[in-house]
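The values are calculated or read from the model by the stated rules, or taken from the named source; none is laboratory data. Just so it is clear, the structure is predicted and the values come from calculations on it, not from any experiment. Counting neighbours? That spans all protein chains shown, and the Cβs are built from the backbone with ideal geometry, glycine included.
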Amino acid sequence: MSKVAIVTGGSRGIGAAVAKALKEAGYTVAASYAGNDEAAAAFTAETGIKTYKWDVGDFDACQAAVEQITADLGEVAVLVNNAGITRDGMFHKLSKENWDAVINTNLTSLYNMCQSVWGGMRDRAFGRIINISSINGVAGQMGQTNYSAAKAGVIGFTKALAQEGARKNITVNAIAPGYINTEMVAAVPEKVMEGILSKIPVGRLGEADEIARTVVFLADDNGFTTGATINVNGGQYMQ
């Protein structure tokens, strides 16, 4: 059985931790990135994981990338939809451009990527799809109507597609991370961060490796868990 995994947004932050954890678990990993050539080259040099540059919001680019990865590495067994951006702003100031950018990258990308691998997974009667949502997709967040809507959409997409894949041994699950110690979170102003930490019962930010271990759990032939959303947020939001 193929052990090829694609991690979108896989050269930095949570995605990089996921890609490395999957490699350590025995997968051959391809990591996508959107624009930071220097970071991608450094990631490949450090880990030996091949990186591929494309826009996950572009359907044709996703199809072409999956075809190339399949030719290079083999049939894709695991897809981790991790790529995401933020374009925050209070709704009365939120531009159509920033709405579209976030929805396209964070939600439409799931359609683009899953369509690119779904036929092959069905033919082989095996697949593992793991979609990265967010605490702000389950709880909402002021100033993030675009991001919260996209990440909530990830959960709905996951539940629906899981029902379609179940009979073909394709599981589809979501992970909703809380605030994780990444470059994106490091840019949050100190006063704001103090407020965030005060609401996390475990009293700290999460680590990218903690998300990565959850991905590996879902990828490793865990065939009876599907349609689930696993909250990894230090107890900040409980369902």
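Identify, please: which residue in segment 72-84 is among the aliphatic types (A, V, I, L, M) and either at pLDDT below 95 or not in a strand (DSSP E or B) (or both) and is, among those, surrounded by the fewest Cβ atoms within 10 Å (Cβ to Cβ)? By that ranking, first place goes to 73.
Kindly evaluate residue 69 against the criterion of being part of a helix (DSSP H, G or I), out of contact with any Lys or Arg (no Cβ under 6 Å at 6 or more places or on another chain) and of a type in the set (Val, Ile, Thr). Criteria met by residue 69. Checking each residue in segment 167-191 for being farther than 30 Å from residue 128 by Cβ and not in a helix (DSSP H, G or I) picks out 187, 188, 189.
In segment 194-207, the residues that are farther than 17 Å from residue 176 by Cα form Cβ pairs under 8 Å with partners that are among the basic types (Lys, Arg) and surrounded by 10 or more Cβ atoms within 10 Å (Cβ to Cβ), at six or more places apart or across chains, as follows: 197/204.
Restricted to segment 174-191, and to residues there that are among the hydrophobic types (A, V, I, L, M, F, W, C) and within 15 Å of the chain's Cα centre (by Cα), the residue that is surrounded by the fewest Cβ atoms within 10 Å (Cβ to Cβ) is 184. Cβ-Cβ contacts under 9 Å between residues 6 or more apart (or on different chains), taken from a first residue in segment 138-167 that is over 23 Å from residue 77 (Cα atoms) to a second residue that is among the aliphatic types (A, V, I, L, M) and part of a loop (DSSP other than H, G, I, E, B), are listed as 142/90; 143/90; 143/94; 145/90; 145/94; 146/94; 147/85; 148/139. Figure legend. Inter-residue proximity from segment 215-239: first residues in contact (Cβ under 8 Å) with a residue 60 or more places away in the chain and of a type in the set (A, V, I, L, M, F, W, C), second residues assigned to a loop (DSSP other than H, G, I, E, B) and exposed (fewer than 15 other Cβ atoms within 10 Å of the Cβ), beta-carbon distance below 7 Å, spacing 6+ or different chains. Indicated pairs: 218/225.
Among the candidates 26, 35, 15, single out the residue that is assigned to a loop (DSSP other than H, G, I, E, B) and either among the hydrophobic types (A, V, I, L, M, F, W, C) or modelled with pLDDT of 95 or more (or both).
26
Here is the figure for segment 148-173: residues that are over 16 Å from the mean Cα position of the chain (by Cα) and either basic (Lys, Arg) or surrounded by fewer than 16 Cβ atoms within 10 Å (Cβ to Cβ) (or both) total 6. Within segment 85-138, restricting attention to residues that are among the hydroxyl-bearing types (Ser, Thr, Tyr) and part of a loop (DSSP other than H, G, I, E, B), the residue that is farthest from residue 238 (Cα to Cα) is 95. For segment 36-58, state whether one or more residues are touching a residue at least 12 places away in the same chain (Cβ under 8 Å), within 22 Å of residue 153 (Cα to Cα) and aromatic (Phe, Trp, Tyr). No: segment 36-58 contains no residue that is touching a residue at least 12 places away in the same chain (Cβ under 8 Å), within 22 Å of residue 153 (Cα to Cα) and aromatic (Phe, Trp, Tyr).
Rundown of residues vs (1) of a type in the set (Phe, Trp, Tyr); (2) under 25 Å from residue 27 (Cα atoms); (3) not in a strand (DSSP E or B), yes/no style:
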| residue | (1), (2), (3) |
| --- | --- |
| 152 | no, no, yes |
| 193 | no, no, yes |
| 201 | no, no, yes |
| 211 | no, yes, yes |
| 217 | yes, yes, yes |
| 221 | no, yes, yes |
| 230 | no, yes, no |
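Mind listing just one residue for me: the one in segment 24-68 that is polar (S, T, N, Q) and within 17 Å of the chain's Cα centre (by Cα) and, of those, surrounded by the most Cβ atoms within 10 Å (Cβ to Cβ)? Going through the qualifying residues, I end up with 32.
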